[in-house]
Amino acid sequence: MLHEILTPADCAACKGCCIFAAQELWEAPDCVLPLDPPNEETDCYTCRHLTDSGCELGGDKPPDCAMYPFRVMRLGDCRVVAVSRYCKAVNALPLRRLCEFADTHCAAFTAITTPDMVKPYNDEYVILRVLSQ
Ligand code: SF4
């Protein structure tokens, strides 16, 4: 569904969601851990599946990666759909468009309930929609 708002060219030009600063390691899906040691210059960790042409896993990416920059997050007693502030291509879109995307795919987001997929809310994410429980 992300192809509606994010093109492969956008992702290939960025790759930012596959490179993690130490404080972003919570974003790394379990199945790509352990990461190799950080780059000595940037102090960032790069996923071993990242190649010059993008993710070598293609359509078999971990679910967390497949839905990035969107997340279902736990905030108090609620689950919310939220978008990372760090995806440049998606954040170039009007907030109204992102809210429409969350609304259109509300059923798919609502179906995400497993603890490994529902992350604790982090204020580096913008809330787009509150989901019914
Ligand atoms: S598995 Fe692929 S999409 Fe996920 S972080 Fe690694 S390179 Fe990026």
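Just so you know, all these numbers are worked out from the coordinates, no wet-lab data involved. If you're wondering where the values come from, they're calculated on a predicted model, not measured in any experiment. In this analysis, Cβ positions are derived from the backbone assuming ideal geometry, glycine residues included, and neighbour counts consider all displayed protein chains.
Antiparallel as a % of all DSSP beta bridges within the chain, to the nearest 5?
Of those bridges, close to 85 percent are antiparallel.
May I ask for the Kirkwood hydrodynamic radius of the chain, worked out over all distinct Cα pairs and given in angstroms to one decimal?
When all Cα pairs of the chain are included, the Kirkwood radius is 15.5 Å.
How big is the Cα convex hull of segment 67-131 in projection, averaged over all directions, in nm²?
That works out to 4.0 nm², a quarter of the Cα hull's surface.
State, as an integer percentage, the relative contact order of segment 2-58 based on alpha-carbon contacts under 8 Å between residues 6 or more apart.
Computed over segment 2-58, the figure is 32 percent.
When the Cα centres of segment 105-121 and segment 4-75 are compared, how far apart do they sit, in Å?
Each part reduced to its Cα centre gives a spacing of 18 Å.
What GluC sites (Glu not before Pro) does segment 7-77 have in DSSP loop regions with at most 14 other beta carbons within 10 Å?
Sites meeting the loop and neighbour criteria: Glu40, Glu41, Glu56.
Using amide H atoms built 1.01 Å from N in the peptide plane, name the residues 5+ places from Cys44, or on other chains, whose amide H lies under 5 Å from its own.
Asn39
Across segment 45-59, in residue order, what do the Karplus-derived ³J(HN,Hα) couplings come to in whole Hz, using 6.51 cos²θ - 1.76 cosθ + 1.60 with θ = phi - 60° and x for Gly and Pro?
Result, ordered by residue: 9, 10, 4, 5, 8, 7, 10, 4, 9, x, 6, 6, 7, x, x Hz.
Report the longest stretch of the chain that contains none of the trypsin sites (Lys or Arg not before Pro) sitting in a DSSP loop with at most 16 other Cβ atoms within 10 Å.
My reading of the result: 86-133 is the longest stretch.
Roughly how tilted is helix 95-104, in degrees to the nearest 10 and between 0 and 90, from the longest Cα axis of the chain?
Helix 95-104 and the main axis of the chain meet at about 70 degrees.
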